[in-house]
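Asker: The structure follows.
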Amino acid sequence: MTSLAGAVWPEIPDAPLLVVPLGSVEQHGHHLPLGTDTSVARAVAAAAAGALDGALVAPALAYGASGEHEGFPGTISLGTEALTGLLVEYGRSAGRWATRVLVVNGHGGNLDALRAAVPLLRSEGRDVAWFPCGVPGGDAHAGRTETSLMLHVEPHGVREERAVAGATAPIRDLLPRLRAEGVRAVSPTGVLGDPAGASRAEGAALLAEITGRLVAAAEGWNVDGAGRLLD
């Protein structure tokens, strides 16, 4: 695996797969840093690229569409429209020398932009796809799942002693208010879930699971109509 940022141009392999982490800058409760989504996406992308022949891992795109979190200080959101434009131009540029571009997404709020940008790029003949860092059955935001991942990926950034629970109802029940009023109206702590029980060992297992699914999906390269790489 080669880091794009650390390479010089003659080291770039012919027609590589470019793996691009996409995250956000947004609140993650009292205990996780605002760059959590970017850190997780970067770790998954690097691990997957290391297992794929001829893959390059790009510097992370660290800002996303996080409007639902703007009730909390520190959050910076580009919005869906701007993020869509960024992804389109990124894919067009990278597609001049990369045979494939794979966006590894760490933030659910980026999905609308991905679902708009990637099919457009594919319609233009560029082989672009995206893959989520989600964990089936995991909690939605800054709960046990993300806390465990961060304890493994970036333990120095976790303030474990400050961790508190947030709204623990199923996300499908919270979505109407989340969309209408934002996260703060639903969870004053900013957490959707409960970080209790999180551990570094669980985070390592979760990262391995996500990475394994991503590697298998990249090797199969079966892309759906929304541009998502199927696993």
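Asker: Can you tell me the accessible area per residue over the chain, all protein chains present, probe 1.4 angstrom, in square angstrom?
Answerer: On a per-residue basis, 45 Å².
Asker: Further question: Of all the accessible heavy-atom surface of the chain, with the other protein chains kept in place and a 1.4 Å probe, what percent is carbon and sulfur?
Answerer: Carbon with sulfur: 52 percent of the solvent-accessible area.
Asker: A further question follows. Mind jotting down the distance between the C-alpha centroids of segment 21-47 and segment 188-231, whole Å?
Answerer: Segment 188-231 and segment 21-47 have Cα centres separated by 12 Å.
Asker: Quick check: convex hull of the Cα atoms in segment 52-113, volume per residue, rounded to a whole Å³?
Answerer: Residue-normalised Cα hull volume stands at 92 Å³.
Asker: Which order do the peptides 133-142, 34-43, 213-222 take when ranked by the mean count of other beta-carbon atoms within 10 Å per residue, highest first?
Answerer: 34-43, 133-142, 213-222
Asker: Here's another thing I want to ask about it. Of the listed peptides 157-170, 4-17, what is their order by residue-averaged count of other C-beta atoms within 10 Å, with the highest listed first?
Answerer: Per-residue mean Cβ counts within 10 Å order the peptides as 157-170, 4-17.
Asker: Counting only Cα atoms, I'd like the Rg/Rh figure for segment 1-152, Kirkwood definition for Rh.
Answerer: Rounded to two decimals, Rg/Rh equals 0.97.
Asker: Okay, moving on. Assuming a ≥ b ≥ c are the square roots of the Cα gyration tensor eigenvalues, decide whether segment 122-231 counts as rounded (a/c under 1.5), prolate (otherwise, with a/b larger than b/c) or oblate.
Answerer: oblate
Asker: Within the set of other residues whose C-beta is less than 15 Å from the C-beta of Ala208, count the net charge using Lys and Arg as +1 and Asp and Glu as -1.
Answerer: -1
Asker: When N counts the residues of segment 83-165, how does its alpha-carbon radius of gyration compare numerically with 2.2 N^0.38 Å, as a ratio?
Answerer: 1.38
The values are calculated or read from the model by the stated rules, or taken from the named source; none is laboratory data. Because the structure is a prediction, the values reported are computed rather than measured. Methodologically, a virtual Cβ is constructed for each residue, glycine included, from the backbone with ideal geometry; neighbour enumeration extends over all protein chains shown. Heads up: the accessible areas ignore ligands, DNA and RNA and are worked out on the full protein's heavy atoms, side chains in. Shrake-Rupley method; radii C 1.70, N 1.55, O 1.52, S 1.80 Å.
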